[in-house]
1. Enumerate the whole-percent occupancy of each 5 Å bin, from 0 to the last occupied one, for all C-alpha pair distances of region 465-578.
2. Do any of Lys592/Lys665; Lys630/Lys672; Lys270/Lys343; Lys235/Lys373; Lys235/Lys270; Lys373/Lys521 go past 18 Å between their Cα atoms, and which?
3. Rolling a 1.4 angstrom probe over the protein heavy atoms, how many square angstrom per residue are accessible across region 471-525?
4. By its C-alpha gyration tensor, with a ≥ b ≥ c as the square roots of the eigenvalues, how is region 491-542 shaped: rounded for a/c under 1.5, else prolate for a/b larger than b/c, else oblate?
5. Show me the ranking of peptides 640-646, 597-603 by mean Cβ neighbours inside 10 Å, starting with the highest.
6. For region 535-631, give the magnitude of the charge dipole about the Cα centre (Cβ charges: +1 Lys/Arg, -1 Asp/Glu; no others), in debye to the nearest 20.
7. Counting Lys +1, Arg +1, Asp -1, Glu -1, what net charge surrounds Ala335 among other residues with beta carbon under 13 Å of its beta carbon?
8. Sticking to Cα atoms, compute the Rg of region 615-658 to one decimal and its Dmax as the biggest Cα-Cα distance, whole number, in Å.
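The values are calculated or read from the model by the stated rules, or taken from the named source; none is laboratory data. Note that the structure is predicted; figures quoted are calculated from it, not measured. When we count neighbours, we look across all protein chains shown, and the Cβ atoms used for this are built from the backbone with ideal geometry, even at glycine. What goes into the accessible areas is simple: the full protein's heavy atoms, side chains included, and nothing from ligands, DNA or RNA. Shrake-Rupley method; radii C 1.70, N 1.55, O 1.52, S 1.80 Å.
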Amino acid sequence: MTEPSHAVFLSYASQDAEAAQRICEALRAAGIEVWFDQTALRGGDVWDQSIRKQVISRHTHERDEGYFRLEWKLAVDRSHLMTTNKAFLLPVVVDDTREDDENVPDRFRDIHWTRLPGGETPPAFVERVRGLVSPEPSHGPTTTALPAARGSAATPLTRERVATPWRSKQALPMVLAVVVAGALAYFGIDKFWISKHPASPPTPPAAPASAAPTAFAPPPHSIAVLPFVNMSADKEQEYFSDGLTEEILNSLARISELQVSARTSAFSFKGKDVKIGTIARELNVGSILEGSVRRSGHTIRVTAQLNNAVTGFHLWSQTYDRDLSHVLQLQTEIANAVANALKVTLLGDVAAKIEVGGTRNPAAFDWYLRASKAYSTAHNTADLQSAVAAYSEAIHQDPRFALAFAGRSEALNRDASEWLSGAAAWEQHDKALADARQAILLTPELAEAHLALGTVLEEGFLDFGQAAGEFTRAMELAPGNARVLQSYGTLAVNMGGTQSGLAAIRHAIALDPLNTRIRSKLGEAYWSARQYDESLAAFNEVIGLDPEWARARAWRGFAYYGLGDFESARASCEVRPDEAWNRLCLAWVYHKLGRHADAEAIFARHLAAVGDLGAYQYAGIYAQWGDSGKAREWLATAVRVHDPGLTWLKTDPFLDPVRKEPWFKAIERELKFPD
């Protein structure tokens with residue numbers, strides 16, 4: 001009786017705990033495994049491997065809302081996916097609730113109820129449950145009437161004598177669910193976890209051709225990894241569950257035979273009650289991996305479940321108990337199991353791909369996940385410095401942790417590019433460069449290390465040729481990494497490689513369709529290529545996904561500007577006139593509309609707020625205003641301070657009025673743009 005499929009899950013309303021406890025004790029005394037939680041309902045293992053018991057009473061009638069109602073619904077929904085030769089639902093009534101109670105699901109009323117007043121459990125009922133959960137359940141009819149409980153002779157334990165074989169069409173599929181009065185909550189001891197994303201029903205038969213909707217046909221071997229639920233007692237451990245989810249996602253993405261939806265899109269469904277089928281259509285994937293993480297010190301329990309998003313059927317599930325020092329092995333095991341479930345033919349050494357650049361030091365891994373969380377949610381220089389500090393602690397714990405060096409390089413570079421200037425920025429860029437090179441020295445095959453080096457070479461040192469080489473190498477190592485594809489594609493377009501660059505960015509969007517930043521990069525790329533209609537369409541999509549993102553409205557204004565529709569450009573940029581990019585937009589647009597004083601006033605406000613950090617954009621403003629001398633001065637300043645905006649110089653439409661000037665060509669030569 002130790003196999004998970006031979007257990008009984010007892011689900012009940014909190015008010016009926018005593019009755020449920022009596023049932024539990026009677027079953028356990030007979031050697032039947034019972035999952036029964038009297039404390040917090042936090043989840044555990046995948047529910048379709050268990051047997052559940054539901055208890056009905058007046059408390060379930062009175063409660064309009066509660067976890068138990070979700071459990072009832074999911075139990076009924078699950079029963080529809082099963083064959084009729086498995087026992088799954090067994091309603092038990094512990095008081096005088098009538099069989100026509102309107103608050104009980106119809107499916108429960110179709111089934112033989114057992115009445116156990118107050119939870120008193122006679123031997124005949126125990127033997128009946130034993131037969132249902134044993135490997136060889138009885139094929140005979142359930143015709144034996146159970147004796148009355150003590151003190152309740154007037155209330156029979158069974159509604160009537162029923163001659164229905166358990167394997168007949170009236171029998172319930174697969175697992176035993178005992179409905180006990182009250183809050184049927186997915187009781188999760190560590191063994192019991194239930195998805196927050198209800199499975200979609202199986203795909204119905206196709207409608208006639210004239211009325212059939214477009215069939216959902218995601219790419220083969222495509223998968224999304226949803227954020228694993230934090231089941232730890234400490235809710236502050238969410239950084240760990242999120243981080244481990246991302247590491248599992250990255251592990252799968254390193255298998256070239258799989259197409260894995262990127263983090264931003266997959267994590268956008270965190271905490272939302274969205275059906276798996278809906279998520280799959282949004283992300284255009286054929287399968288969904290989800291699960292839970294429970295951590296206690298250096299030990300973790302990870303439950304993972306894979307679902308076919310097209311059919312709605314469960315493919316695979318497993319629970320892993322591991323020490324943190326074995327987390328790399330865990331990632332490999334899960335990746336292999338998923339690949340096998342999806343019938344993927346693996347090429348090469350999967351473990352070597354997955355474990356590259358990682359660590360077996362539990363403390364280092366924990367600090368790395370803290371750093372990744374801080375970096376992904378950073379909004380200012382203080383946040384980025386917190387990420388740098390956590391990466392540094394990870395490196396202190398394991399000086400050969402290449403991924404931590406790559407992560408710290410990106411955090412240092414982003415801080416320098418977005419928030420710092422002068423000597424402080426130079427110092428950060430130097431540190432970022434050293435970290436990226438150290439990561440490559442430790443692990444030459446680590447794509448993230450080449451991505452970090454390419455980023456700092458491009459933004460910090462304006463070495464576009466070497467940056468392009470690093471991005472190319474990163475893409476060779478990780479062709480399914482959306483961030484790598486976006487970085488490669490953006491630089492390629494800016495260097496004049498329009499077709500290859502656009503193709504890479506479109507591929508990144510296919511992997512991360514809900515990532516507004518990548519879609520914005522596509523709009524910028526179209527703009528650099530002077531494909532303004534396409535740029536406008538891209539930014540309209542971005543705004544549709546994130547209406548509050550002011551930068552997207554500014555760039556939509558740039559697209560209108562390129563099309564010569566200055567009024568539409570003004571309307572787009574005036575929605576958020578105090579945001580930096582919108583101030584720049586209005587400086588260009590007001591001038592075109594003849595509002596020169598307004599253009600100069602808003603430019604002065606921007607200059608006072610940003611200073612030399614906007615040097616490159618100031619050159620574009622003066623070029624459009626017809627002041628070649630000022631444009632030259634600000635471009636010289638941009639070169640002196642290593643303004644990251646110079647990556648656009650080769651293709652920037654705003655600089656077209658000065659592009660043929662001898663001084664402009666001299667700056668191009670100085671920057672050594674690749675051919």
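1. 2, 14, 22, 21, 18, 12, 8, 3, 1, 0
2. Values: Lys592/Lys665 26 Å; Lys630/Lys672 23 Å; Lys270/Lys343 28 Å; Lys235/Lys373 15 Å; Lys235/Lys270 15 Å; Lys373/Lys521 23 Å.
Among Lys592/Lys665; Lys630/Lys672; Lys270/Lys343; Lys235/Lys373; Lys235/Lys270; Lys373/Lys521, the Cα-Cα distance tops 18 Å for Lys592/Lys665; Lys630/Lys672; Lys270/Lys343; Lys373/Lys521.
3. On the way: 1770 Å² over 55 residues.
Result: 32 Å² per residue.
4. Since a/c reaches 1.5 but b/c is at least a/b, the shape of region 491-542 is classed as oblate.
5. Numbers: 640-646: 19.0, 597-603: 16.9.
With the highest mean Cβ count within 10 Å placed first, the list reads 640-646, 597-603.
6. Values: 10 positive and 12 negative charges, 28 e Å.
Magnitude of the dipole: close to 140 debye.
7. Working: positive: Arg254, Lys353; negative: Glu247, Glu257, Glu333, Asp349, Glu355.
My count for the surroundings of Ala335 gives -3.
8. 9.1, 24
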